[in-house]
Every structure is written in C-alpha cells, then in structure tokens.
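The numbers here are math on the coordinates, done by the rules we state, and not lab data. It should be emphasised that the depicted structure is a prediction, and the values quoted were computed from it without experimental measurement. Quick reminder, even Gly has a Cβ in these numbers, built from the backbone with ideal geometry, and neighbours come from all protein chains shown.
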Amino acid sequence: MKHGIYRVTAYQRVGPFTLRVRFDDSTEQTIDFRPVLRGELYGALRDTSLFDQVRIDAEVHTLVWPNGADFDPAILHDWPDAGPDLARLAQSWSDTPQASVVRGGTAT
C-alpha cells in the first residue's frame with residue numbers, strides 16, 4: 001500500500017465542521033469532519049468553539065486542535081478514499097472518557 005507524504009499548506013472554513021484543505025502538491029479536499037467527530041479525542045471537536053480553533057502545526061504540517069486532536073495529512077489528502085473508512089471505524093469509538101484505574105491508592 002502506498003502512503004504519500006503530504007503537507008497541509010492552508011485551510012478555509014466552508015461550513016459547520018467543514019474545511020477546505022490545501023496541500024503542498026496544489027491539490028485540495030473539502031472535508032466534512034462530522035462523521036468522525038466521535039470518541040474521547042475527536043468527539044470533543046463537536047464543540048464548535050473548539051473545532052474553530054484549528055490551526056496548521058508548523059512542525060508536522062497538518063491540522064491540529066488545542067485538545068491534541070490531529071489527522072495524518074495523508075488521510076486528509078486522500079479523504080475521498082480514507083474518510084468513509086475512518087467514519088466506519090469512528091462508529092466504534094466511545095464518547096465516554098475512560099475512567100481512571102486506581103492502583104495502590106493512586107489513580108492512573
């Protein structure tokens with residue numbers, strides 16, 4: 001399986017939870033993230049005030065959010081193929097934060 005190396009160079013909000021993302025190979029993808037906003041990490045992005053804090057990380061050249069959420073730029077680049085698979089996988093992600101395990105009186 002070929003896995004390209006891409007860098008996100010720009011983005012634009014085009015709708016609720018939807019970004020037009022530009023890559024270093026001059027291609028663009030318009031991505032509606034709603035189907036993958038599930039689970040402990042990505043589910044938090046359903047809060048529009050958090051989702052709208054998206055930025056491009058200068059080191060890894062992908063979209064990142066203040067809560068630590070990010071996406072592999074190759075996944076974003078290949079969203080028409082990768083997005084539906086990721087959305088199917090996201091259906092299994094729990095939105096409930098995992099409880100801390102107490103060991104020896106200390107939560108971990």
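So here's what we get for this one:
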| quantity | calculated |
| --- | --- |
| Checking VAL21 against (1) surrounded by 14 or more Cβ atoms within 10 Å (Cβ to Cβ); (2) on the phi > 0 side of the Ramachandran plot, the condition it does not meet | (2) |
| Residue list for region 24-56, filter: without any contact (Cβ under 8 Å) to a residue 24 or more places away in the chain, loosely packed, with under 14 Cβ neighbours inside 10 Å and within 20 Å of ALA90 (Cβ to Cβ) | THR30, ASP47 |
